[in-house]
Amino acid sequence: ASLSAIYTPGAADIIAGTVTLTLTTDDPAGPCPAATDFMVLTINPAATADAGGDQTICSGSTATMAGVIGGSASSSTWTTSGDGTFDNAASLTAIYTPGPNDIAAGNVTLTLTTDDPDGAGPCLAATDIMVLTINPAATADAGVDQTICSGSTATMAGIIGGSASSSTWTTSGDGTFDNA
């Protein structure tokens, strides 16, 4: 047996959180008995982070985070790759307001990072990302007001923009459109 053997904890060890490991010498010749010593191996649960699923919002809106941490993590912080802001970066359900560069880019990566759960211990902080897609707001412009003579028709001059890809005309009266 090697004095520098590598021990891999089993499932029950991990659940228990500790295991006792004992070193025993052989039974030496003569009057001396074998010697034993033990050590307790503490197994800290690894920190986990889940930033939640990717989200899509409309520009001008905010996004509510849905982070979850586990294992030995007791706190976390949100960070952004963009120029938006969190109302409380330490909250798992922080509200993110995209900045102008986020909106122009159309997306931003948001990262949830746990605390270093056991200070100088063996477990590391955990991170996870989610991508926030920011669609431009739909815009509609029906054109300038028009005046026509009775018995005439009016040609619409509408414009749509942003994330709008189609539109529909409606009337408050009883007239009809050739192609609403």
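What the table below lists for this structure:
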{"item": "Count - residues of segment 143-180 that are more than 21 Å from Ser59 (Cβ to Cβ) and open to solvent by 80 Å² or more (accessible area, probe 1.4 Å)", "result": "17"}
{"item": "Within segment 17-85, strands (runs of 3 or more DSSP E) holding 3 or more residues that are free of Cβ contacts under 8 Å to residues at least 24 places away in the same chain", "result": "18-24, 36-42"}
{"item": "Residue ID - modelled with the highest pLDDT, chosen from residues in segment 1-31 that are open to solvent by 100 Å² or more (accessible area, probe 1.4 Å) and of a type in the set (D, E, K, R)", "result": "Asp26"}
{"item": "Identity of the residue in segment 32-60, β-branched (Val, Ile, Thr) and surrounded by 10 or more Cβ atoms within 10 Å (Cβ to Cβ), that ends up nearest to Leu124 (Cα to Cα)", "result": "Thr48"}
{"item": "Scan of segment 106-157 for residues that are in a loop (DSSP other than H, G, I, E, B), closer than 30 Å to Gly173 by Cα and of a type outside the set (A, V, I, L, M), ordered by number", "result": "Gly143, Asp145, Gln146, Thr147, Cys149, Ser150, Gly151, Ser152, Thr153, Thr155"}
{"item": "Near pairs, Cβ below 7 angstrom, 6+ apart or cross-chain, from segment 128-139 (acidic (Asp, Glu)) to any residue that is assigned to a strand (DSSP E or B)", "result": "Asp128/Ala49; Asp128/Asp50; Asp128/Leu112"}
{"item": "Selection status of Asp116, of a type outside the set (Ser, Thr, Tyr), modelled with pLDDT under 90, closer than 17 Å to Thr77 by Cβ and surrounded by 12 or more Cβ atoms within 10 Å (Cβ to Cβ)", "result": "yes"}
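Residues are listed down the side, and each one gets a yes or a no for (1) within 20 Å of Gly53 (Cα to Cα); (2) surrounded by 20 or more Cβ atoms within 10 Å (Cβ to Cβ); (3) in contact with a His (Cβ under 6 Å, 6 or more places away or on another chain); (4) among the β-branched types (Val, Ile, Thr):
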| residue | (1), (2), (3), (4) |
| --- | --- |
| Ile69 | yes, yes, no, yes |
| Ser72 | no, no, no, no |
| Ser75 | yes, no, no, no |
| Ala94 | yes, yes, no, no |
| Thr97 | yes, no, no, yes |
| Asn101 | no, no, no, no |
| Leu112 | yes, yes, no, no |
| Asn135 | yes, no, no, no |
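The values are calculated or read from the model by the stated rules, or taken from the named source; none is laboratory data. Being a predicted model, the structure only gives us computed values, none of them experimental. Ideal geometry is used to build each Cβ from the backbone, glycine not excepted, and the neighbour counts take in all protein chains shown. With ligands, DNA and RNA removed, areas are computed over all heavy atoms of the protein, side chains included. Shrake-Rupley method; radii C 1.70, N 1.55, O 1.52, S 1.80 Å.
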